[in-house]
Amino acid sequence: TITGVSVFGRDITERKHVEAALYKRDRLLEGLAEANELLLTADIDEALPQALTTLGMSAGADKIVLFENDTEAQNGVLSAQRRFMWEAPALASGSSIVSEFRIDESFPHWLAELHGGEAVLVYAEFAPEPERSFLQAQGISSIFITPVIAEEQVWGYIGYVYNESGHTWYEHDESVLMTAAGSIAGAIAHAQSKKALQRSEERYRSVVNSVQEVIFQTDKDLRLVFLNPAWQQLLEYSPTESLGTLFTNYICPTDRGALGDYCKPLFEREKMFCRHEIRFRTKHGATRWIAVYASL
């Protein structure tokens, strides 16, 4: 007959902590990989909310918020404007996150660290004032804040928000989430550079299209790849007719041999630009003397 059960027990608490830490690390790394893929393959306006949502879910956060720095021109006050917020439906308490706040007034004790490129982990109940009141007013128990540094400037901040106390942070959390902030900063910097380039190109084309001088570009085989409207005014050919054709087709046949002599120092990089006067033939057979300035 069975008279009882013999049991041998061993404390595996430490092993469980390690397993939990490894599980969370793997989740964060998977989220980081997915976020990076989004940032590399999609437009920034579409990719950024998706990447932040992925990171918030991977970190097990109740909310994730993105704030952008905004220096008010009239008084130099540094404030932060909320640009995005994701909220976990099953976890969040429903409390709202402010849409704007003064950085120096709300986080004075961590301002230097954030603007020095360091992340901060703040527990509301242990935080000094005014941070404690600022966080508790929004139902935040703890928040992990990473600065977003784009082109060597603090563009803004990402906050991983936890409404309930007891969330466990591990050593690898900071490094993974700081890497994510770096990826987001890179995507923002790239988007800013792209927009600046587009604005520059728009201004350039506005000027080029309004001047009376002919401006054109060729590829290395001397086929026309760009023409401004003055080309048609001078030679009577429309840009559509001329693009993709050889530039030399429009030079008087008797002057084509001299063109090679003019351009040889340029192609051999003996000069940065060349200048010459040469005859062009219009669509209807007229001859035009043109002073040409060319550079590689």
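The values are calculated or read from the model by the stated rules, or taken from the named source; none is laboratory data. Because the structure is a prediction, the values reported are computed rather than measured. Here the Cβ is made from the backbone with ideal geometry for all residues, glycine too, and neighbour counts use every protein chain on show. Calculation scope for accessible area: heavy atoms of the full protein, side chains included, ligands and nucleic acids excluded. Shrake-Rupley method; radii C 1.70, N 1.55, O 1.52, S 1.80 Å.
Some observations on this one:
- Checklist (1) under 27 Å from K194 (Cα atoms); (2) at pLDDT 85 or above; (3) β-branched (V, I, T) applied to V98, failing item: (1)
- Of all residues in the stretch 248-292, those satisfying the criterion of being among the hydroxyl-bearing types (S, T, Y) and at pLDDT 85 or above are T248, Y250, T254, T282, T287.
- Taking the criterion of being among the hydrophobic types (A, V, I, L, M, F, W, C), open to solvent by less than 70 Å² (accessible area, probe 1.4 Å) and under 30 Å from Q192 (Cα atoms), the residues of the stretch 123-170 that qualify are I143, F144, I145, V148, A150, V154, W155, I158, V161.
- Count of residues meeting criterion [within 14 Å of L29 (Cα to Cα) and open to solvent by 60 Å² or more (accessible area, probe 1.4 Å)] in the stretch 171-199: 4
- Residue count, the stretch 114-154 (criterion: more than 18 Å from A180 (Cβ to Cβ), of a type outside the set (S, T, Y) and assigned to a helix (DSSP H, G or I)): 9
- Taken across the stretch 10-27, residues that are surrounded by fewer than 14 Cβ atoms within 10 Å (Cβ to Cβ), assigned to a helix (DSSP H, G or I) and modelled with pLDDT of 85 or more do occur, with at least one present.
- The residue that is modelled with the lowest pLDDT, among those in the stretch 63-74 that are of a type outside the set (V, I, T) and open to solvent by less than 10 Å² (accessible area, probe 1.4 Å), is K63.
- Within the stretch 28-62, being open to solvent by 20 Å² or more (accessible area, probe 1.4 Å), among the small types (G, A, S) and within 21 Å of the chain's Cα centre (by Cα) holds for A33, A42.
- Only residues that are on the phi < 0 side of the Ramachandran plot, assigned to a loop (DSSP other than H, G, I, E, B) and either in contact with a Gly (Cβ under 6 Å, 6 or more places away or on another chain) or surrounded by fewer than 18 Cβ atoms within 10 Å (Cβ to Cβ) (or both) were counted across the stretch 220-232, and they come to 3.
- If you go through the stretch 265-288 and keep only what is part of a strand (DSSP E or B) and either exposed (fewer than 10 other Cβ atoms within 10 Å of the Cβ) or under 45 Å from the mean Cα position of the chain (by Cα) (or both), you end up with F273, C274, R275, H276.
- Hits in the stretch 233-264 - residues which are without any contact (Cβ under 8 Å) to a residue 12 or more places away in the chain and either touching a Gly at 6+ places or on another chain (Cβ under 8 Å) or not in a helix (DSSP H, G or I) (or both): S238
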